[in-house]
Amino acid sequence: MSETAIAEQRDLNLLLGYYQKMLELRLFELKVQELYRNARLPGFVHLYVGEEAVGVGVCSNLAPKDLVFSTHRGHGHALAKGVPAGVVLAELWGKATGSSGGRGGSMHMYAPEWGFMGTNGIVGAPIPLATGAGLSAKMRKKGQVVVSFFGDGAVNSGSFHEAVNMGTVWDLPVIYVCENNLYATEMAFSRATKNISVASRAKSYGLPGVEVDGQDVLAVHGAAKAAIERARAGGGPTLIECKTYRYVGHHEGDPGTDYRTRDEVQQWKQQDPVKRARKLLLDSGAGDESKLQAIDQEVERLIDQAVEFAEKSPEPLAESVNEHVF
């Protein structure tokens with residue numbers, strides 16, 4: 001067997017794990033949607049449905065010591081980095097067993113013990129935070145790599161330009177991952193900028209810029225693997241633009257139909273990352289129907305257990321209200 005064939009077979013074997021993790025992200029978010037619509041979850045949620053290949057493809061390359069800085073659409077990033085589904089759901093539910101004791105909710109969810117440095121409700125904010133963490137990692141010489149996820153709406157902000165420039169000048173071990181889902185809330189990216197190629201902006205700062213199919217988990221994994229290995233070896237940051245799409249509205253409650261067509265949504269659903277991975281596994285013989293059904297059932301059990309854990313978890317104690325407050 002040639003080296004290429006061996007590499008392809010290895011990728012297909014790994015794809016089983018990626019499929020399972022992407023399915024976990026998908027079913028988790030659909031469960032959150034159901035709970036939220038039934039008024040069982042407080043707060044506000046932005047779902048990751050459709051973008052699972054990005055979070056899984058990137059985070060599958062990370063070590064436990066590596067750090068991830070997330071966005072307002074961050075449940076999937078937390079799960080992909082290894083935060084247990086029950087802990088994430090308990091946080092969304094405002095329970096004491098949540099990663100932030102029920103205080104952070106969807107957009108201020110921190111789980112540093114898993115290397116997850118928080119979701120963030122401010123557009124573009126994770127980029128300079130990750131850059132600062134990258135500087136810390138370089139100075140401490142611990143071999144850490146830091147990932148910053150952000151959307152296309154962040155790339156016209158000053159935080160993007162200043163942080164990417166600083167990260168490049170200092171050769172920091174930061175991977176800048178743009179999840180370009182074509183819309184910043186309701187604003188089409190093509191209406192917000194003349195240059196709709198985020199990856200091409202890397203040239204202005206002197207770092208590699210890579211554009212990848214964000215619906216192909218193997219493609220994302222490969223691009224992130226090269227960038228992370230380069231960063232860990234001292235080669236500095238990389239900007240990765242993942243072309244992806246959210247199948248739901250900007251937030252739960254937004255139908256997502258006033259600013260994009262049904263045809264556009266359906267076209268992107270033809271490239272569903274979970275279905276693509278499943279089809280590839282079946283077509284290649286790396287996974288048969290019975291094996292995939294077993295994975296499906298295992299993930300469904302995991303989500304059911306997460307719901308049971310979160311629902312039965314206690315509310316934060318009233319006397320703890322002043323803890324963690326500055």
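The values are calculated or read from the model by the stated rules, or taken from the named source; none is laboratory data. Because the structure is predicted, anything quoted here is derived from the model rather than measured. Virtual Cβ from ideal backbone geometry, glycine too; neighbours counted across all protein chains shown. Side chains included, ligands, DNA and RNA excluded: accessible areas come from the protein's heavy atoms. Shrake-Rupley method; radii C 1.70, N 1.55, O 1.52, S 1.80 Å.
Points worth noting:
- Single condition Arg262 does not satisfy, out of (1) at pLDDT below 95; (2) basic (Lys, Arg); (3) within 19 Å of Leu27 (Cβ to Cβ): (3)
- Segment 82-97, subset in contact with a helix residue (DSSP H, G or I) (Cβ under 7 Å, 6 or more places away or on another chain) and without any contact (Cβ under 8 Å) to a residue 40 or more places away in the chain, residue farthest from Asp66 (Cα to Cα): Val83
- Within segment 22-47, tally of residues that are part of a helix (DSSP H, G or I), open to solvent by 20 Å² or more (accessible area, probe 1.4 Å) and more than 14 Å from Glu300 (Cβ to Cβ): 3
- Filtering segment 149-184 to residues that are open to solvent by 20 Å² or more (accessible area, probe 1.4 Å) and either more than 18 Å from Gly235 (Cβ to Cβ) or of a type in the set (D, E, K, R) (or both) leaves Gly151, Gly153, Asn156, Ser157, Gly158, Ser159, His161, Glu162, Asp171, Leu182, Tyr183, Ala184.
- Residues of segment 108-130 satisfying the condition of being touching a residue at least 60 places away in the same chain (Cβ under 8 Å) and within 22 Å of Pro64 (Cα to Cα): Leu129, Ala130
- The residue of segment 118-143 that is most open to solvent (accessible area, probe 1.4 Å), among those that are of a type in the set (A, V, I, L, M) and touching a Phe, Trp or Tyr at 6+ places or on another chain (Cβ under 6 Å), is Leu129.
- When Ile196 is tested against (1) assigned to a loop (DSSP other than H, G, I, E, B); (2) touching a residue at least 40 places away in the same chain (Cβ under 8 Å), only condition (2) is not met.
- Pairs where the first residue, in segment 271-298, is within 14 Å of Ala53 (Cα to Cα) and the second is outside any helix (DSSP H, G or I) and open to solvent by less than 10 Å² (accessible area, probe 1.4 Å), C-beta under 6 Å, 6+ apart: Gln271/Gln215; Pro273/Gln215
- The set of residues from segment 241-291 being open to solvent by 50 Å² or more (accessible area, probe 1.4 Å), of a type in the set (A, V, I, L, M, F, W, C) and out of contact with any helix residue (DSSP H, G or I) (no Cβ under 9 Å at 6 or more places or on another chain) comprises just one member, Trp268.
- Restricting segment 298-321 to residues that are among the polar types (S, T, N, Q) and part of a helix (DSSP H, G or I), the residue that is least open to solvent (accessible area, probe 1.4 Å): Ser320
- From Ala294, Ala231, residue being among the hydrophobic types (A, V, I, L, M, F, W, C), buried (at least 18 other Cβ atoms within 10 Å of the Cβ) and at pLDDT 95 or above: Ala231
- Boolean, Val146 is open to solvent by less than 20 Å² (accessible area, probe 1.4 Å) and β-branched (Val, Ile, Thr): yes
- Sole exception among (1) in a helix (DSSP H, G or I); (2) more than 16 Å from the chain's Cα centre (by Cα) for Ala130, by number: (2)
- Qualifying residue in segment 58-69 (condition: touching a Gly at 6+ places or on another chain (Cβ under 6 Å), closer than 21 Å to Gln305 by Cβ and at pLDDT 95 or above): no
- Subset of segment 23-69 [in contact (Cβ under 8 Å) with a residue 40 or more places away in the chain and among the acidic types (Asp, Glu)]: Glu24, Glu29, Glu51, Glu52, Asp66
- Of the residues Gly76, Gly101, the single one that is crowded, with 23+ Cβ neighbours inside 10 Å, of a type outside the set (Lys, Arg) and touching a residue at least 40 places away in the same chain (Cβ under 8 Å) is Gly76.
- Selected residue (criterion: nearest to Val212 (Cα to Cα)) from residues of segment 247-273 that are outside any loop (DSSP other than H, G, I, E, B) and out of contact with any Gly (no Cβ under 9 Å at 6 or more places or on another chain): Gln267
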